[in-house]
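Participant: A single structure is presented below for examination.
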Amino acid sequence: MPIATGLEREELEAELEGKKRFDMDAPVGPFGTKEAPAVIQSYYDKRIVGCPGGEGEDEHDVVWFWLEKGKPHECPVCSQYFVLEVIGEGGPPDGHGHDDDDDEDH
Amino acid sequence: MSLACQIEGKFPFFTTLGGGGLKGGLHTTGAKWFMIESQRHSYHLVDPSPWPISGSLGALATTVGGVMYMHSFQGGATLLSLGLIFILYTMLVWWRDVLRESTLEGHHTKAVQLGPRYGSILFIVSEVMFLFAFFWASSHSSLAPTVEIGGIWPPKGIGVLDPWEIPFLNTPILPSSGAAVTWAHHAILAKKEKRAVLALVATVSLALVSTGFQGMEYYQAPSNISDSIYGSTFFLATGFHGFHVIIGTLFLIICGIRQYLGHLTKEHHVGFEAAAWYWHFVDVVRLFPFVSIYWWGGI
């Protein structure tokens, strides 16, 4: 183990164990359908997700949307189906309290 | 984490002063570990810092003071000196903070290291363009000499240096220094810490020899910067190159000190890499004035 401290050290330690210290990768998986939705993990109650469509011919420009807990989303272009799975503490991702509806007015 | 604590115990001076601000407690108390363990992205969100504005004020005082000084305004020299002192102070404390954040606080993850790498490369590209302008000016004036300078190059009545004396002697010294910095790089990658320090001492020694020769050459030069377009282009191009050699030498000295202190590892030595890139830029650029200004333009 080389001389390092803080986050840098944690990153190197995780690497030596074959793990990743940070959670930086975009979620990937098979095309989501109503029967078998694409499950997007989130530490909070909602997460911004981009749908790139299917593979090859079925690919489309990325369409971004808010995916919220308990509200499955169907892509308007390719009908891919998404659900949110909260794996963290939940709550709003912006840390400004729970006034989701008020946010849209400002 | 145990080693991290050892490092902090070893240099308490750095941790208590580092970071700064009211929330500086983050760096010295247990809260730091809570914060870091909860961070899921690998970026470094920097603390507010006074150095951008202090550097800007220093630059403002330097330019205004410089114009005032060159036009013999009262107080021009004072304002210019204050501005330069302000800039130098800002450089010192800003880089000190970056070293604390990277080496002593561990904020420079792999993703963070990409920033200074791209920044260094873009900076060197801009330096290449800067020096290119001076070689352009020299070529512009020498390829079709005007009637005012006698229609010849070097201009009529201007004494020039013999390129095969000190200029020729000085030209291989910088590439040799570049070879020594590559030796230092290989030593770092092979985890030979002491050898890397030695290689950097060799690199810096060759750099100092080169600057010494350049000083000697200027001292003996038969013309000065006021002697026609020849003197202007000659001293602007070689002078700015020499100034860059001095900057690169300081950069390498800092790397040597950090190597001696054990800051640079096989996995993480961005500062050294930036210094080495800069040094190769300086040593390669030396070949252009030698060929086009000393040799082609001096015979």
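The values are calculated or read from the model by the stated rules, or taken from the named source; none is laboratory data. The structure presented is a predicted model; accordingly, all values stated were derived computationally and were not measured. Note that each Cβ is placed from the backbone with ideal geometry, even for glycine, and that neighbours are counted across all protein chains shown.
Participant: If B:Lys266 satisfies every condition in (1) at pLDDT below 95; (2) part of a helix (DSSP H, G or I); (3) not small (Gly, Ala, Ser) but one, which is the exception?
Facilitator: Among (1) at pLDDT below 95; (2) part of a helix (DSSP H, G or I); (3) not small (Gly, Ala, Ser), B:Lys266 violates only (2).
Participant: With respect to A:Pro2, determine if the residue is surrounded by 11 or more Cβ atoms within 10 Å (Cβ to Cβ), farther than 16 Å from B:Tyr43 by Cα and assigned by the TED database to the domain that holds A:Phe82.
Facilitator: Details: surrounded by 11 or more Cβ atoms within 10 Å (Cβ to Cβ): yes; farther than 16 Å from B:Tyr43 by Cα: yes; assigned by the TED database to the domain that holds A:Phe82: no.
No; evaluated as a whole, the condition is false for this residue.
Participant: Which one of these does B:Gly151 not meet: (1) away from chain A (no Cβ under 14 Å); (2) outside any helix (DSSP H, G or I); (3) buried (at least 17 other Cβ atoms within 10 Å of the Cβ)?
Facilitator: (3)
Participant: Among the residues of the stretch B:101-112, is any surrounded by 14 or more Cβ atoms within 10 Å (Cβ to Cβ) and more than 14 Å from chain A (Cβ to nearest Cβ)?
Facilitator: From the stretch B:101-112, those surrounded by 14 or more Cβ atoms within 10 Å (Cβ to Cβ) are B:101-112; that's our starting set.
Of the ones still in play, those that are also more than 14 Å from chain A (Cβ to nearest Cβ) are none.
No; the residues of the stretch B:101-112 include none that is surrounded by 14 or more Cβ atoms within 10 Å (Cβ to Cβ) and more than 14 Å from chain A (Cβ to nearest Cβ).
Participant: From the list B:Gly242, B:Gly215, B:Gly248, which one is more than 14 Å from chain A (Cβ to nearest Cβ) and without any contact (Cβ under 8 Å) to a residue 24 or more places away in the chain? Show your work before the answer.
Facilitator: Values: B:Gly242 fails: without any contact (Cβ under 8 Å) to a residue 24 or more places away in the chain; B:Gly248 fails: without any contact (Cβ under 8 Å) to a residue 24 or more places away in the chain.
The unique qualifying residue is B:Gly215.
Participant: If you don't mind, there's one more thing I want to ask. Could we say that A:Gly54 is over 30 Å from B:Gln113 (Cα atoms) and either touching a residue at least 24 places away in the same chain (Cβ under 8 Å) or within 14 Å of another protein chain (Cβ to nearest Cβ) (or both) here?
Facilitator: On the way: over 30 Å from B:Gln113 (Cα atoms): yes; either touching a residue at least 24 places away in the same chain (Cβ under 8 Å) or within 14 Å of another protein chain (Cβ to nearest Cβ) (or both): yes.
Yes: the conditions hold for A:Gly54.
Participant: Which of the numbered conditions does B:Met35 fail, given that it passes all the others? Conditions: (1) modelled with pLDDT under 95; (2) not β-branched (Val, Ile, Thr); (3) not in a helix (DSSP H, G or I).
Facilitator: Only one criterion is unmet by B:Met35, namely (3).
Participant: Which residues, counting only those in the stretch B:38-57, are away from chain A (no Cβ under 13 Å) and part of a helix (DSSP H, G or I)? Lay out the reasoning, then the answer.
Facilitator: The first filter runs over the stretch B:38-57 and keeps only residues away from chain A (no Cβ under 13 Å), leaving B:46-57.
Answer for the stretch B:38-57, where residues must be away from chain A (no Cβ under 13 Å) and part of a helix (DSSP H, G or I): B:Trp51, B:Pro52, B:Ile53, B:Ser54, B:Gly55, B:Ser56, B:Leu57.
Participant: Then there's this: What tally of residues in the stretch B:233-250 results from selecting those that are small (Gly, Ala, Ser) and surrounded by fewer than 18 Cβ atoms within 10 Å (Cβ to Cβ)? Lay out the reasoning, then the answer.
Facilitator: Residues of the stretch B:233-250 that are small (Gly, Ala, Ser), as a first pass: B:237, B:239, B:242, B:248.
Okay, now just the ones that are also surrounded by fewer than 18 Cβ atoms within 10 Å (Cβ to Cβ), so B:239.
Looking only at that region, the number is 1.
Participant: So for the stretch B:130-139 (the condition being free of Cβ contacts under 8 Å to residues at least 60 places away in the same chain, more than 20 Å from the chain's Cα centre (by Cα) and more than 14 Å from chain A (Cβ to nearest Cβ)), does at least one residue qualify? Outline the logic, then answer.
Facilitator: Within the stretch B:130-139, the subset free of Cβ contacts under 8 Å to residues at least 60 places away in the same chain is B:132-133, B:136.
Cutting the leftovers down to more than 20 Å from the chain's Cα centre (by Cα) gives us B:136.
So of that shortlist, the ones also more than 14 Å from chain A (Cβ to nearest Cβ) come out as B:136.
So far as the stretch B:130-139 goes, yes, one or more of its residues are free of Cβ contacts under 8 Å to residues at least 60 places away in the same chain, more than 20 Å from the chain's Cα centre (by Cα) and more than 14 Å from chain A (Cβ to nearest Cβ).
Participant: Are there any pairs, at least 6 apart or on different chains, whose C-beta atoms fall under 6 Å, with the first in the stretch B:172-193 and over 17 Å from B:Ala274 (Cα atoms) and the second of a type in the set (A, V, I, L, M, F, W, C) and surrounded by fewer than 19 Cβ atoms within 10 Å (Cβ to Cβ), and if so, which?
Facilitator: B:Ile173/B:Val209
Participant: Also, I was wondering about something else. Which condition breaks for B:Leu261 when tested against (1) within 14 Å of chain A (Cβ to nearest Cβ); (2) over 28 Å from B:Leu88 (Cα atoms); (3) without any contact (Cβ under 8 Å) to a residue 24 or more places away in the chain?
Facilitator: Of (1) within 14 Å of chain A (Cβ to nearest Cβ); (2) over 28 Å from B:Leu88 (Cα atoms); (3) without any contact (Cβ under 8 Å) to a residue 24 or more places away in the chain, only one is false for B:Leu261: (2).
Participant: Residue by residue through the stretch A:5-52, note down the ones that are of a type in the set (Ser, Thr, Tyr) and surrounded by 14 or more Cβ atoms within 10 Å (Cβ to Cβ).
Facilitator: Going residue by residue through the stretch A:5-52, those that are of a type in the set (Ser, Thr, Tyr) are A:5, A:33, A:42-44.
A:Thr5, A:Ser42, A:Tyr43, A:Tyr44 - these are the residues of the stretch A:5-52 that are of a type in the set (Ser, Thr, Tyr) and surrounded by 14 or more Cβ atoms within 10 Å (Cβ to Cβ).
Participant: Also, I was wondering about something else. For a quick check of your reading: which strands (runs of 3 or more DSSP E) sit entirely within the stretch A:14-94 and have at least 1 residues that are of a type in the set (D, E, K, R) and under 29 Å from B:Lys110 (Cβ atoms)?
Facilitator: Working: elements: A:38-42, A:46-53, A:59-68, A:81-86.
Those strands (runs of 3 or more DSSP E) span A:46-53, A:81-86.
Participant: Let me ask another. Could you go through the stretch B:196-205 and let me know if any residue there is among the polar types (S, T, N, Q), in a helix (DSSP H, G or I) and under 30 Å from B:Gln113 (Cβ atoms). I'd like the intermediate steps shown before the answer.
Facilitator: Just the residues of the stretch B:196-205 that are among the polar types (S, T, N, Q), to begin with: B:203, B:205.
Subset that is in a helix (DSSP H, G or I): B:203, B:205.
When the remaining residues are screened for being under 30 Å from B:Gln113 (Cβ atoms), the result is B:203, B:205.
Yes: one or more hits.
Participant: Filter the stretch A:18-46 for residues that are within 14 Å of chain B (Cβ to nearest Cβ) and acidic (Asp, Glu); which is farthest from A:Asp94 (Cα to Cα)?
Facilitator: A:Asp25
Participant: Taking B:Val125, is it aliphatic (A, V, I, L, M) and not in a loop (DSSP other than H, G, I, E, B)? It would help to see each step written out before you state the result.
Facilitator: Values: aliphatic (A, V, I, L, M): yes; not in a loop (DSSP other than H, G, I, E, B): yes.
The answer is yes for B:Val125.
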